[in-house]
Amino acid sequence: MKRLSVIAGWVFGLGMLGLSLFVTLDVVARKFFGFSFEGTDEMGGYVLAVGAGLTFVVALAEGAHMRIDVVYAKLPVTARAIVDVLAATTLAGMAALLVWLGWRTLDESLAYHSTAPTPWATPLVWPQAVWLIALAAFLLLTLIVLVQSLRLVLTGRFREANARFGSAAEKTELEAELADLQRRI
């Protein structure tokens with residue numbers, strides 16, 4: 001999971017860096033040379049769409065998805081482990097829905113030979129296929145988390161399930177943030 005997270009983070013970061021350079025070039029070209037690449041906004045949309053799928057992967061692998069822990073922290077370990085499996089199940093369901101909708105969108109673009117309504121007239125299947133791959137990576141990771149957490153719960157290893165897939169206590173989160181701050185200084 002960590003390796004997939006690092007790869008997704010790098011791809012997203014490089015995509016954003018490339019987009020930033022492209023926007024800068026377009027602005028400079030318009031300001032000083034009187035021409036535009038005319039596709040900056042189109043490229044930005046593609047990078048952000050693919051980036052969303054990649055950031056889902058990073059957030060899941062890093063345990064950074066938002067959770068409301070008011071009740072969770074007061075539950076016994078067994079109940080927390082079951083809630084974690086339920087959370088993994090619903091997240092996998094959501095990821096599957098995103099992949100299904102992404103596939104339907106791609107399939108429709110293939111059927112109609114759709115192109116972007118921009119000067120570039122990009123065939124939409126290309127950016128949509130990359131977007132779908134990013135969403136599929138997220139689905140794969142959610143399924144891995146679901147299987148691993150379910151296996152731990154079914155074998156009665158509730159504490160391990162909670163440690164690996166549960167929500168960190170506020171104190172633990174604060175300690176992690178302070179350690180990260182020290183590392184960056």
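Structure notes:
- Which listed residue, of Leu135, Leu152, is at pLDDT 95 or above, closer than 21 Å to Tyr46 by Cα, open to solvent by less than 30 Å² (accessible area, probe 1.4 Å) and in contact with a helix residue (DSSP H, G or I) (Cβ under 9 Å, 6 or more places away or on another chain): Leu135
- Residue under evaluation Gly45, criteria (1) farther than 30 Å from Ser149 by Cα; (2) open to solvent by 70 Å² or more (accessible area, probe 1.4 Å), criterion not met: (2)
- With respect to the conditions (1) open to solvent by 50 Å² or more (accessible area, probe 1.4 Å); (2) under 17 Å from the mean Cα position of the chain (by Cα); (3) within 20 Å of Thr118 (Cβ to Cβ), Met16 falls short on a single one, namely (3).
- Residue check for Thr105: open to solvent by less than 30 Å² (accessible area, probe 1.4 Å) and within 22 Å of Phe12 (Cβ to Cβ): no
- Top-ranked residue in the stretch 70-85 [being open to solvent by 40 Å² or more (accessible area, probe 1.4 Å) and modelled with pLDDT under 90; ranked as nearest to Arg3 (Cα to Cα)]: Ala73
- The stretch 19-42, subset open to solvent by less than 40 Å² (accessible area, probe 1.4 Å) and not hydrophobic (A, V, I, L, M, F, W, C), residue farthest from the chain's Cα centre (by Cα): Asp26
- Long-range neighbours under 6 Å by Cβ, at least six apart or interchain, first residue closer than 21 Å to Leu48 by Cβ and in a helix (DSSP H, G or I) within the stretch 23-36, second open to solvent by 70 Å² or more (accessible area, probe 1.4 Å) and not hydroxyl-bearing (Ser, Thr, Tyr): Asp26/Phe37
- Boolean, Leu98 is under 23 Å from Phe12 (Cβ atoms), modelled with pLDDT under 95 and buried (at least 18 other Cβ atoms within 10 Å of the Cβ): no
- Between Glu38, Glu42, Glu62, the distinction of being within 28 Å of Leu139 (Cβ to Cβ) and out of contact with any helix residue (DSSP H, G or I) (no Cβ under 8 Å at 6 or more places or on another chain) belongs to Glu42 only.
- Count of residues meeting criterion [open to solvent by less than 50 Å² (accessible area, probe 1.4 Å), under 25 Å from Ala8 (Cα atoms) and at pLDDT 75 or above] in the stretch 162-179: 3
- Residue list for the stretch 79-127, filter: in contact with a Phe, Trp or Tyr (Cβ under 9 Å, 6 or more places away or on another chain), assigned to a helix (DSSP H, G or I), in contact (Cβ under 8 Å) with a residue 12 or more places away in the chain and farther than 26 Å from Gln148 by Cβ: Thr105, Leu106, Pro127
- Among the residues making up the stretch 37-49, none is over 19 Å from Leu132 (Cβ atoms), of a type in the set (Phe, Trp, Tyr) and assigned to a helix (DSSP H, G or I).
The values are calculated or read from the model by the stated rules, or taken from the named source; none is laboratory data. Since this is a predicted model, take the numbers as computed values, not measurements. With ideal geometry, Cβ positions are generated from the backbone for all residues, glycine too; neighbour counts draw on all protein chains shown. For accessibility, only protein heavy atoms count, side chains too; no ligands or nucleic acids. Shrake-Rupley method; radii C 1.70, N 1.55, O 1.52, S 1.80 Å.
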